[in-house]
Amino acid sequence: MTGTPARTLLLWCPDWPVLAAEIVDGVPATGPVAVLHANRVVACSERARAEGVRRGLRKREAQGRCPQLTVVEYDLGRDARAFEPVVAAVEELVAGVEVVRPGACAVAARGPGRYLGGEEAAAERIIEHVAQSCLVESQVGIADGVFAAGLAARAGRVVAPGGTPEFLAGLPVEALGRSALADLLRRLGVRTLGDFAALPAGDVLARFGFDGALAHRLAAGRDHRPLAVRQPPADLTVTAEQDEPIDRVDAAAFVARALAEQLHERLAGHGLACTRLGIEAVTEHGQELHRVWRHDGLLTAAAIADRVRWQLDGWLSGSNGRAGARPSRPTAGIIRLRLIPDGVIAQAGLQAGLWGETGEERERAHRALSRVQGILGPEAVVTAVLGGGRSPADQVRLVPWGDERLPARPDAPPWPGRLPAPAPAVVLPSPLAATVHDAAGEPVVISARLAVSAPPARLVVGTGQPAEIVGWAGPWPVDERWWAPVEARRRARFQVSLADGAALLLAVEAGQWLVEAIYD
């Protein structure tokens with residue numbers, strides 16, 4: 001980037017990690033507080049500085065200077081979450097905010113300076129608004145470029161246009177924020193940013209590398225990039241307020257159709273399509289109802305309206321069925337309905353598949369199953385998803401219809417101790433107790449070293465009749481979670497074929513034979 005950097009207004013909140021700890025965790029910032037990262041102080045409160053605590057000190061040394069020091073671990077996520085309301089407050093006055101880091105955000109100064117009565121007036125207005133909205137003290141600096149504006153904010157200065165190089169020239173090289181480079185420059189006799197900026201750019205690149213060349217540009221008042229402003233997320237939620245509570249399905253269907261059209265138009269205006277829809281309703285008595293619908297394609301206006309109608313039908317026609325089969329009917333009519341596009345993607349269209357995977361028959365089945373979910377709830381319709389595991393029961397996960405079909409366990413690499421193909425056709429929800437005998441009528445037992453006492457000859461399942469075993473394979477041992485005694489499980493599995501043509505999967509655990517699954 002060449003030329004003069006754009007005029008930049010940067011808002012800086014001093015000691016932000018300390019303030020974030022107070023906002024999120026309730027640690028009083030008025031007391032002696034230090035935020036530590038890797039056992040070193042990265043920020044401290046004004047009270048702690050008065051006791052001699054400084055950035056870079058080790059924890060033990062900081063506590064030695066201030067015995068009553070409150071130590072808080074550094075958490076970048078906490079700092080970012082606490083800073084979001086400050087950014088939102090700035091966006092209420094100006095557009096195009098870039099979050100430089102938690103505790104500092106920047107905007108182009110040209111716009112605010114024009115419609116807020118000048119740069120100084122804009123700075124005062126923003127500081128006052130942040131203080132009133134978020135109860136946070138801040139300082140604003142204005143200069144040419146983000147780097148210079150950040151240094152100006154620490155001094156609360158407005159640098160005149162074109163005066164940025166002169167403003168930077170007298171600052172120490174530590175202002176670059178690169179401790180190793182600053183230490184090397186001082187040993188070479190370069191103590192200020194002006195001295196560093198006076199060095200030839202080619203020599204700086206050859207001696208200090210790319211990062212040194214970038215720091216050289218900053219010292220001369222030339223930013224390496226323009227502002228990367230963030231775009232505030234569009235409010236895509238649509239809401240319908242009802243003067244008269246809705247307690248009939250036909251009235252709810254009418255509202256659902258209009259609200260679905262409104263949501264679809266709003267999404268289309270942003271070039272988006274909905275894949276996951278949140279439906280919220282509030283009754284006259286304040287009861288809140290919520291349900292999320294998912295779709296593996298793109299929800300059209302008609303599809304959105306159908307799901308809203310089905311969901312309202314399920315809510316309004318609910319009853320106290322046996323064993324909670326159906327949800328309870330709301331105690332009053334619905335006065336507020338809100339549609340929230342919980343998952344959106346760029347609208348690129350959805351092409352029907354050549355072999356029917358996204359064709360009309362699949363959509364008809366999807367509508368029917370979704371209708372059942374609207375009445376009985378999302379867990380009423382489930383599909384199986386195959387994944388990793390050692391036993392057939394572990395390899396199958398049931399997910400509600402419309403949810404993402406992701407396996408609970410990865411299927412690769414192959415699991416040690418996994419049964420060989422083919423997989424059984426029926427996996428019993430609860431294994432059946434069985435007994436296995438050899439040709440002499442003695443029970444077949446498995447030793448700790450997986451030695452079979454005798455070839456299996458007869459099988460009795462429960463109280464049934466004995467069946468002759470004509471073939472068997474195994475054992476396949478499984479020793480799971482041996483490191484957790486309470487959860488440890490050790491068993492051996494066998495495949496057996498019977499004289500009547502049936503094939504079973506058997507397991508022996510703690511001396512007990514069990515039938516786990518049935519083969520075709």
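Mind checking which residues of the range 165-190 are open to solvent by 30 Å² or more (accessible area, probe 1.4 Å), in a loop (DSSP other than H, G, I, E, B) and of a type outside the set (D, E, K, R)?
If the condition is that a residue be open to solvent by 30 Å² or more (accessible area, probe 1.4 Å), in a loop (DSSP other than H, G, I, E, B) and of a type outside the set (D, E, K, R), then G170, L171, G177, L188, G189 are the ones that fit.
Cβ contacts < 8 Å: first residue at positive phi, restricted to the range 53-80; second residue assigned to a strand (DSSP E or B) and open to solvent by less than 70 Å² (accessible area, probe 1.4 Å), any location; separation 6+ or different chain. Result?
Listed pairs, sorted by first residue: G56/V41.
Just the residues that are closer than 25 Å to A393 by Cα and open to solvent by less than 30 Å² (accessible area, probe 1.4 Å), please, taken from the range 421-443. Lay out the reasoning, then the answer.
Initially, the range 421-443 is screened for residues closer than 25 Å to A393 by Cα, giving 421-436.
The answer is P424, A434, V436.
Here's a check for you: in the range 258-296, which residue that is of a type in the set (V, I, T) and either open to solvent by 50 Å² or more (accessible area, probe 1.4 Å) or closer than 15 Å to W315 by Cβ (or both) is modelled with the lowest pLDDT?
First, the residues of the range 258-296 that are of a type in the set (V, I, T): 275, 279, 282-283, 292.
Add one more test, that the residue is either open to solvent by 50 Å² or more (accessible area, probe 1.4 Å) or closer than 15 Å to W315 by Cβ (or both), and what stays is 279, 282-283, 292.
On the way: I279: 87, V282: 88, T283: 87, V292: 76.
Looking at the filtered set, the residue picked out is V292.
Restricting the range 27-43 to residues that are open to solvent by 40 Å² or more (accessible area, probe 1.4 Å) and among the hydrophobic types (A, V, I, L, M, F, W, C), which is farthest from L135 (Cα to Cα)? It would help to see each step written out before you state the result.
Step one: filter the range 27-43 for residues open to solvent by 40 Å² or more (accessible area, probe 1.4 Å), giving 28, 30, 37-40, 42.
Checking which are among the hydrophobic types (A, V, I, L, M, F, W, C) leaves us with 38, 42.
Numbers: A38: 30, V42: 23 Å.
So the residue we want is A38.
Rundown of residues vs (1) outside any loop (DSSP other than H, G, I, E, B); (2) closer than 15 Å to G501 by Cα, yes/no style:
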{"position": "L450", "(1), (2)": "no, no"}
{"position": "A454", "(1), (2)": "no, no"}
{"position": "V460", "(1), (2)": "yes, no"}
{"position": "T463", "(1), (2)": "no, no"}
{"position": "E468", "(1), (2)": "yes, yes"}
{"position": "G471", "(1), (2)": "yes, yes"}
{"position": "P475", "(1), (2)": "yes, no"}
{"position": "D479", "(1), (2)": "yes, no"}
{"position": "W482", "(1), (2)": "no, no"}
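Can you say whether V24 is closer than 30 Å to A219 by Cβ and either open to solvent by 70 Å² or more (accessible area, probe 1.4 Å) or not aromatic (F, W, Y) (or both), as far as the supplied structure shows?
Considered against the rule, which asks whether it is closer than 30 Å to A219 by Cβ and either open to solvent by 70 Å² or more (accessible area, probe 1.4 Å) or not aromatic (F, W, Y) (or both), V24 comes out as no.
Quick check, is R7 free of Cβ contacts under 8 Å to residues at least 40 places away in the same chain and of a type in the set (K, R)?
Values: free of Cβ contacts under 8 Å to residues at least 40 places away in the same chain: no; of a type in the set (K, R): yes.
Against the criterion (free of Cβ contacts under 8 Å to residues at least 40 places away in the same chain and of a type in the set (K, R)), R7 does not qualify.
Could we say that G111 is part of a helix (DSSP H, G or I) and of a type outside the set (S, T, Y) here?
When the stated conditions are applied, G111 passes them.
Restricting attention to the range 1-54, report how many residues are in a loop (DSSP other than H, G, I, E, B), more than 32 Å from the chain's Cα centre (by Cα) and either closer than 30 Å to T164 by Cβ or β-branched (V, I, T) (or both).
9
Just checking, does the range 206-220 include any residue being surrounded by 13 or more Cβ atoms within 10 Å (Cβ to Cβ) and in contact (Cβ under 8 Å) with a residue 60 or more places away in the chain?
Within the range 206-220, one or more residues are surrounded by 13 or more Cβ atoms within 10 Å (Cβ to Cβ) and in contact (Cβ under 8 Å) with a residue 60 or more places away in the chain.
Report the residue count in the range 191-205 for those that are outside any loop (DSSP other than H, G, I, E, B) and either touching a Phe, Trp or Tyr at 6+ places or on another chain (Cβ under 8 Å) or surrounded by 14 or more Cβ atoms within 10 Å (Cβ to Cβ) (or both).
Final tally of qualifying residues: 8.
State all residues of the range 119-138 that are crowded, with 17+ Cβ neighbours inside 10 Å and not in a helix (DSSP H, G or I); if no residue qualifies, say none.
If the condition is that a residue be crowded, with 17+ Cβ neighbours inside 10 Å and not in a helix (DSSP H, G or I), then V136, S138 are the ones that fit.
Is there a residue being in contact with a helix residue (DSSP H, G or I) (Cβ under 7 Å, 6 or more places away or on another chain) and at positive phi anywhere in the range 140-161?
Yes, some residue in the range 140-161 is in contact with a helix residue (DSSP H, G or I) (Cβ under 7 Å, 6 or more places away or on another chain) and at positive phi.
Go through P67, P102, P85 for me and flag whichever is more than 29 Å from G221 (Cβ to Cβ), at pLDDT 90 or above and under 32 Å from the mean Cα position of the chain (by Cα).
Being more than 29 Å from G221 (Cβ to Cβ), at pLDDT 90 or above and under 32 Å from the mean Cα position of the chain (by Cα) holds for just one of P67, P102, P85, which is P85.
In the set L267, L277, L259, L289, which member is under 24 Å from the mean Cα position of the chain (by Cα), of a type in the set (A, V, I, L, M) and not in a strand (DSSP E or B)? Even if it seems obvious, please write down each step before you answer.
Numbers: L277 fails: not in a strand (DSSP E or B); L259 fails: under 24 Å from the mean Cα position of the chain (by Cα); L289 fails: not in a strand (DSSP E or B).
The conditions single out L267.
Would you point out which residue out of G162, G150, G141 is assigned to a strand (DSSP E or B) and touching a residue at least 60 places away in the same chain (Cβ under 8 Å)?
G141
The values are calculated or read from the model by the stated rules, or taken from the named source; none is laboratory data. These numbers come from a predicted model, not from an experiment. Ideal geometry is used to build each Cβ from the backbone, glycine not excepted, and the neighbour counts take in all protein chains shown. In case anyone asks, the SASA skips ligands and DNA or RNA and just uses the protein heavy atoms, side chains included. Shrake-Rupley method; radii C 1.70, N 1.55, O 1.52, S 1.80 Å.
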